[in-house]
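K.L.:
Quick one: structure below, then a few questions.
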Amino acid sequence: MPTARPIVTVVRAGRQSYAAGLRIQQELAKQNVSQYSEFRNFLLLLEHDPVYTIGIRTKGYTDEDEKKLRKLGADFHRTDRGGLITFHGPGQLVAYPIINLRQFTPSIRWYVGTLERTVIETCRQMGIPNATTTKDTGIWVDDRKICAIGVHGSRYVTTHGIGLNCSTDLKWFEHIVPCGIEGKGVTSLTEELGRHTSIAEATDVLLDSFGKIFECCVRADTQARVTN
């Protein structure tokens, strides 16, 4: 196990289409993974234009279903992440860690669990003490999902990540079964706290939680800022 705390550079990409966000992830992950100690870790933060995405386990979404969702004014993407269908859009904090797990713990199971604990700690610090995991993916407040989680790992390098609802318009979720889970709903920080909660406010707390739970040094780098 490495003894030094890994460094994770924060990249604030602002609002991006899903395709643009994917390209940024690919660029940041394009490194020599065999020299894992030299790998530069990133935490890509952004907000997506309205988009429905499905993961590698999603079945049954036809071209006709895709057309119906696109008619709502959202984009639609099939991805290589885990998890089922979800929505990303304005008011949602999307965080994509692009890290080499050999600098942390070389285990996807450890990574997902640590990511879950990071979101739970973020919610706790913001005043939602009952956010938790269940047998279903994501982070939940009672039977309402507040954060979707879907990750991908290749040679211990992670992509994709989380979508934390801050002030998201939850009506977008009415057109799908979020993450394929019947009979449950969605919520947001704004809904749970009873006040408008911005992405900027949630970002500060998430970065603090990420550094603490992942036991890493989170470093802001203005030169790493990405624009479309």
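The values are calculated or read from the model by the stated rules, or taken from the named source; none is laboratory data. Please read all numbers here as calculations on a predicted model, not as lab measurements. Note that we place each Cβ from the backbone using ideal geometry, even for glycine, and neighbour counts take in every protein chain shown. What goes into the accessible areas is simple: the full protein's heavy atoms, side chains included, and nothing from ligands, DNA or RNA. Shrake-Rupley method; radii C 1.70, N 1.55, O 1.52, S 1.80 Å.
K.L.:
In segment 15-57, what residues are closer than 25 Å to TYR156 by Cβ, hydroxyl-bearing (Ser, Thr, Tyr) and open to solvent by less than 60 Å² (accessible area, probe 1.4 Å)?
P.N.:
Those that are closer than 25 Å to TYR156 by Cβ, hydroxyl-bearing (Ser, Thr, Tyr) and open to solvent by less than 60 Å² (accessible area, probe 1.4 Å): TYR18, THR53.
K.L.:
Yes or no: segment 98-106 includes at least one residue that is in a helix (DSSP H, G or I) and either of a type in the set (Val, Ile, Thr) or in contact with a strand residue (DSSP E or B) (Cβ under 7 Å, 6 or more places away or on another chain) (or both).
P.N.:
Pass one, segment 98-106, residues in a helix (DSSP H, G or I): 101-103.
Still in the running and either of a type in the set (Val, Ile, Thr) or in contact with a strand residue (DSSP E or B) (Cβ under 7 Å, 6 or more places away or on another chain) (or both): 101, 103.
Yes, segment 98-106 has at least one match.
K.L.:
Could you identify the single residue in PRO106, PRO97, PRO90 that is modelled with pLDDT of 90 or more, open to solvent by 10 Å² or more (accessible area, probe 1.4 Å) and either within 16 Å of the chain's Cα centre (by Cα) or more than 13 Å from VAL157 (Cα to Cα) (or both)?
P.N.:
PRO90
K.L.:
In segment 27-38, which residues are without any contact (Cβ under 8 Å) to a residue 24 or more places away in the chain and within 25 Å of ALA200 (Cα to Cα)?
P.N.:
Scanning segment 27-38 gives a single hit, GLU27.
K.L.:
Another question about this same structure. Please state which of the following conditions LEU84 fails to meet, knowing it meets all the rest: (1) open to solvent by less than 30 Å² (accessible area, probe 1.4 Å); (2) modelled with pLDDT under 95.
P.N.:
Status for LEU84: all satisfied but (1).
K.L.:
Still on this model: Might you let me know whether segment 139-151 holds any residue that is touching a helix residue (DSSP H, G or I) at 6+ places or on another chain (Cβ under 8 Å), surrounded by fewer than 21 Cβ atoms within 10 Å (Cβ to Cβ) and within 30 Å of GLN103 (Cβ to Cβ)?
P.N.:
Looking for residues that are touching a helix residue (DSSP H, G or I) at 6+ places or on another chain (Cβ under 8 Å), surrounded by fewer than 21 Cβ atoms within 10 Å (Cβ to Cβ) and within 30 Å of GLN103 (Cβ to Cβ), one finds at least one in segment 139-151, hence yes.
K.L.:
How many residues does segment 181-214 contain that are part of a loop (DSSP other than H, G, I, E, B) and open to solvent by less than 30 Å² (accessible area, probe 1.4 Å)?
P.N.:
Total satisfying the criteria: 5.
K.L.:
State the number of residues belonging to segment 124-161 that are in a loop (DSSP other than H, G, I, E, B) and in contact with a Lys or Arg (Cβ under 8 Å, 6 or more places away or on another chain).
P.N.:
Result for segment 124-161: 4.
K.L.:
Let me ask another. Can you tell me which residues in segment 7-25 are in contact (Cβ under 8 Å) with a residue 60 or more places away in the chain and not aliphatic (A, V, I, L, M)?
P.N.:
THR9, ARG12, GLY14, ARG15, GLN16, SER17, TYR18, GLY21, GLN25
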